[in-house]
2 protein chains.
Amino acid sequence: MNEPILLTPGPLTTTLATKQAMLRDWGSWDDTFNALTASVCADLVGIVHGEQTHVCIPLQGSGTFAVEAALGTLVPKGCKVLVPNNGAYCQRIIRILGYLGHEAVELPFGDDQPADPARIGAALLADPAISHVAQVHCETGTGILNPLPKIAQVVAQAGRRLIVDAMSSYGAIPIDLGTMPVDALIAASGKCLEGVPGMGFVIARRSVLIDAAGQSHSLAMDLHDQWTYMQRTGQWRFTPPTHVVAALRCAIDQYLAEGGQPARLARYGENCATLVSNMRRLGFRTFLDDAMQAPIIVTFHAPPDHAYEFVEFYHRVREKGFVLYPGKLTTVDTFRVGCIGAIDVTEIRRATEAIGATLLEMGVQKLG
Amino acid sequence: MNEPILLTPGPLTTTLATKQAMLRDWGSWDDTFNALTASVCADLVGIVHGEQTHVCIPLQGSGTFAVEAALGTLVPKGCKVLVPNNGAYCQRIIRILGYLGHEAVELPFGDDQPADPARIGAALLADPAISHVAQVHCETGTGILNPLPKIAQVVAQAGRRLIVDAMSSYGAIPIDLGTMPVDALIAASGKCLEGVPGMGFVIARRSVLIDAAGQSHSLAMDLHDQWTYMQRTGQWRFTPPTHVVAALRCAIDQYLAEGGQPARLARYGENCATLVSNMRRLGFRTFLDDAMQAPIIVTFHAPPDHAYEFVEFYHRVREKGFVLYPGKLTTVDTFRVGCIGAIDVTEIRRATEAIGATLLEMGVQKLG
């Protein structure tokens, strides 16, 4: 099939087994499919140790649908939400809050600076009207890791609620809902769990979800309605993406067999270290300092050489079998390379070789 | 795999080729995937002859997400919407309008009565404040076909706008946007096109869509934003269900090769006629008169025999390889059997044999 390796933050390269799990049609009313959904949800809660306090509500659509559903369902009308902003996905949360009619209070950080728990605490102290904080864990726009445990502590100490977009971190970076006060954690099928895209999910605190009846701006994205219906019937309210759910079941099986979160983090960590080290050897500069880099996706400065042009670079690397990802920064010219998916250092080494060969072909010399 | 045949209105049984199209991972930024999306959208407009006037906006999620997106994006705030109601999916539209804060005017019909164009015309005449009509084409709750061409004519004559939920009819029942005044037609991947579930789409009048900037209640379901972004970049705004899109491309190829809408209608018509005739031979009664029955899904009265119980009936038929569907009527005890999917009269004959054998096993004698 001449299928390239995706070095992108989802959709990503999945195993053949995961894709083969889609070679079957499932009835959405059937017991076997209901059992599949229930087992997926149980595992999704377990991965972040939320069994005592949290429930999983799966939702059709991309991760952004689940983020909007969580904010729309769990934040009461007229609330004021603090959004520590260091990237594109923080910005998207602000945009969603605008649609929902919630007041967003932006706390800006540089794209290359982690959200600072002390400044978050100060912002909450300064404005008692802020009821919620919406925090991105790993900002896919740059690959920066925000210090979630400390942020959760500060938010709880201030007596406010915390909603976390864990899209790019869930499953790879440790998250412990048993010790970290979080009302809702949002992620999706096609990220570090290495499923295929098409389904998001929200791990919500049961007590908060129960209180959220009638709050949603949307029927399709009403998590309270989705959950109560599922509790009653075992079924999704509206047609589920059955093949995507089956692929996720298979991907989670492989995730658990690999050793769960620690094993996944170790593999991605190796991928990232190899990528960064090989790219630096070629002369590339990373956008972030190593200390704040999550092993999920790495942003590199575009070479400041007139022979470099991203689209040509992309296509030449793609011809060699690797799909890169464009940058998402408006002020700095960058591109991104993902470390996640069913790949290991072998693919990363081949990819950096392909990138090196492409630089030679294009005559790009000045890299830093 | 011991996979049963799904006699359900979606998810349904798809061909192996359609499922095998999911054995590849696609980059959502990649030209090859953008081309896939563009070709799918072009075909979806072409199937209903909307090339001159309409555009296709694909949307992540189930069909209901697309229905809500169409109502949320295309109906301006504060509008009054007439909903001819003869079933569960009409009822769902009323529920969505409630979430959106639009005033829904319900025009009730019996579950076994098609929506009457004359009564719709009279309702519009009686209330000039009604700006839109939201009409279900084939009501999946019972399988009834509403007379869309006449309804479209009446709505246009009254100078109102028409939005059509064509979830169960699109691709099988003829729809000609070249002659029928419709602002938006909504359907999904996993119905009569025989793709897998996970994507809806709206075929919207270009001029109406252009005027809809800023109207949506939701970022994720903002069709204007989705369309303008796609026009500019060729990409979906948020992670697309890549495998579902690839499966739909493959399913549409097979649809066109089979002979398009006329061929699909002919096959489903044969399936339906065989189903109804064999079930009547067993003694079952259809809920609808034949004249208003769409060849999509057939509702049968539950046998009024104390030996009959749906869940046992369902499981016994399933053991024989066929998945039935429960009824969706609150006042009458029924069950449903779908005629759609990658099946023909061979499967229908085997299914009705399995149903006949199950009646004998259960000792069900009184059927009508």
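The values are calculated or read from the model by the stated rules, or taken from the named source; none is laboratory data. Because the structure is predicted, anything quoted here is derived from the model rather than measured. In this analysis, Cβ positions are derived from the backbone assuming ideal geometry, glycine residues included, and neighbour counts consider all displayed protein chains.
Cβ-Cβ distances below 7 Å connect the following pairs, each with a first residue in region B:9-37 that is at the interface with chain A (Cβ under 7 Å from one of its Cβ atoms) and under 30 Å from B:Ile144 (Cα atoms), a second residue that is aromatic (Phe, Trp, Tyr) and surrounded by 16 or more Cβ atoms within 10 Å (Cβ to Cβ), and a separation of six or more residues or different chains: B:Pro11/A:Trp26. Only one entry in B:Ile348, B:Ile297 is touching a residue at least 60 places away in the same chain (Cβ under 8 Å) and in contact with a helix residue (DSSP H, G or I) (Cβ under 7 Å, 6 or more places away or on another chain), namely B:Ile348. Out of B:Thr358, B:Thr346, B:Thr352, one residue alone is at pLDDT 95 or above, of a type in the set (S, T, N, Q) and more than 25 Å from the chain's Cα centre (by Cα). It is B:Thr358.
If you go through region B:33-80 and keep only what is under 19 Å from the mean Cα position of the chain (by Cα) and among the polar types (S, T, N, Q), you end up with B:Gln60, B:Ser62, B:Thr64.
Quick grid of which residues meet (1) surrounded by fewer than 24 Cβ atoms within 10 Å (Cβ to Cβ); (2) more than 30 Å from A:Thr18 (Cβ to Cβ):
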residue	(1), (2)
B:Trp29	yes, no
B:Lys80	yes, yes
B:Ile93	no, yes
B:Gly101	yes, yes
B:Asp112	yes, yes
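If you go through region A:221-243 and keep only what is assigned to a helix (DSSP H, G or I) and within 28 Å of A:Leu162 (Cβ to Cβ), you end up with A:Leu223, A:His224, A:Asp225, A:Gln226, A:Trp227, A:Thr228, A:Tyr229, A:Met230, A:Gln231.
B:Thr233 fulfils the conditions (1) within 13 Å of chain A (Cβ to nearest Cβ); (2) in contact with a helix residue (DSSP H, G or I) (Cβ under 7 Å, 6 or more places away or on another chain) except for a single criterion, (2). So in region B:251-276, with the set limited to residues that are touching a Ser or Thr at 6+ places or on another chain (Cβ under 8 Å) and buried (at least 21 other Cβ atoms within 10 Å of the Cβ), which one is nearest to B:Ile355 (Cα to Cα)? That would be B:Leu275. If the condition is being within 12 Å of chain B (Cβ to nearest Cβ) and more than 22 Å from the chain's Cα centre (by Cα), then region A:201-223 contributes A:Gly214, A:Gln215, A:Ser216, A:His217, A:Ser218, A:Leu219. Quick check on region B:142-161: of everything there that is touching a helix residue (DSSP H, G or I) at 6+ places or on another chain (Cβ under 6 Å) and buried (at least 24 other Cβ atoms within 10 Å of the Cβ), which residue is nearest to B:Asp116 (Cα to Cα)? So, considering only residues that are touching a helix residue (DSSP H, G or I) at 6+ places or on another chain (Cβ under 6 Å) and buried (at least 24 other Cβ atoms within 10 Å of the Cβ), the one nearest to B:Asp116 (Cα to Cα) is B:Ile151.
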